[in-house]
1. Which of the GluC sites (Glu not before Pro) found in the range 211-290 are in a DSSP loop and have at most 12 neighbouring Cβ atoms, other than their own, within 10 Å?
2. Quick check on the range 51-188: what does the Kirkwood estimate of hydrodynamic radius come out to from the alpha carbon pairs, in Å?
3. Count charges around G59 for me, please; just the other residues with Cβ under 11 Å from its Cβ, Lys/Arg as +1, Asp/Glu as -1.
4. Tell me which residues come under 5 Å, amide H to amide H, from G212 once H is placed; ignore anything under 5 positions away on its chain.
5. Separation between the L84 and R186 pseudo-spin-labels, each 7 Å from Cα along Cα→Cβ, expressed in nm?
6. When the Karplus curve 6.51 cos²θ - 1.76 cosθ + 1.60 is applied with θ = phi - 60°, which whole-Hz ³J(HN,Hα) does each residue of the range 32-43 get, with x for Gly and Pro?
7. Taking a temperature of 10 °C and a viscosity of 1.306 mPa s, what whole-number D in µm²/s does Stokes-Einstein yield for the range 232-325 with Rh from Kirkwood over alpha carbon pairs?
8. Each residue of the range 109-126 in turn: what ³J(HN,Hα) in whole Hz from Karplus with 6.51, -1.76, 1.60 and θ = phi - 60°, glycine and Pro shown as x?
Amino acid sequence: MNQRATSERRERGKEEIRELMRRHGVVRSNVEYWVAWVILKGVGALPRALALATGKVIGAIGHALLPHLRRNAEKNLKMAMPELDESERERIRRGVFRNLGRLLGEVSRFPRLNRENISSIVTYVGLENYLEAAGRGRGVILLTGHIGAWELSVFAHSIYGYPMSFLARRVDNPLLERLAESYRSRFGNRSIDKKNSVREVVRTLKQGGVIGILADLNASREEGVFCDFFGIEACTTAGVATLAMRTGAVVLPGYLIWDEVEKIHRLHFERPIETIDTGNQKEDVAANTAVYAKTLESVIRRHPDQWLWIHRRWRTRPTGESELY
């Protein structure tokens, strides 16, 4: 009976993939998949130093060939950090693409990482903060963003023996989604589709689990609240605050930073953020979200060349305000 049920689930899964491919385009799905597969496997076959160097070259090519992303970064930097001169903005902008290339190099080598070699690539700063938060038994929301090699942070943490769940938006190409999942989940990590995820996330937190949430990107008015981010009103996901208040989970800032001098990534865990809960849910969600935004801003200010400035962070505007991009 169990074998039959398993077989039926597999068939449903295959049919779902076929349907998603038809929507996305069968030829397009396959082309995108094989391009990604060749890049990942090709770069991943190289020694780490050469893989990172190759990623750096790919990042430089991206900087040269993607002017709209350069313009986004330039616009964001001028708005958020107007005190910077042109040369400093240029340095940060190039660093963003270099960081993305480094991320590609590290992700491509996921199949070669294990408990024996991970310490030469990722080390901890503040692991005791994570252990203390997880030990409370109330569930942990890992507050993070697109900083450094964010995909590596969760993967390395699982290799060290701390697997977790994380919210992720499914890509339209099911073949790419399956490829990404095969890389991410080897040591027990589990992605949860952001779409219709509330029930699963709440259940995980109430069972004492850990959920990672990237909380630094632009949100829609329906999903977010406006709060100060680099001195500009930014629509920021209300999900972290809502979940923390609903479940009592601990909100723990965590992020991975590249140390250029030592040539190693450092996985930082800060002290938990106390949840504001006065009984006025609307005001408390806004207040907590503002604290989270400032927490992430402080990290980005310390390491500006390792954040995703190419994203249109301030795209959603308060009613009545004009577009910024």
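Taken together, the values in this text are just the output of simple stated rules run on the coordinates, not laboratory data. Remember, it's a predicted structure, so these values are computed and weren't measured experimentally. Here Cβ is always computed from backbone atoms with ideal geometry, including for glycine, and neighbour counts include all displayed protein chains.
1. Listed in order of number, the matching sites are E222, E260, E262, E274.
2. Over the range 51-188, the inverse of the mean reciprocal pair distance is 17.3 Å.
3. Neighbourhood net charge equals +4.
4. L142, S165, F166, L167
5. 3.4
6. 4, 4, 5, 4, 5, 4, 5, 5, 4, 5, x, 5
7. The Stokes-Einstein estimate is 103 µm²/s.
8. These are the phi-based 3J(HN,Hα) values: 9, 3, x, 9, 8, 7, 5, 6, 10, 5, 5, 7, 10, 10, 10, 9, 10, x Hz.
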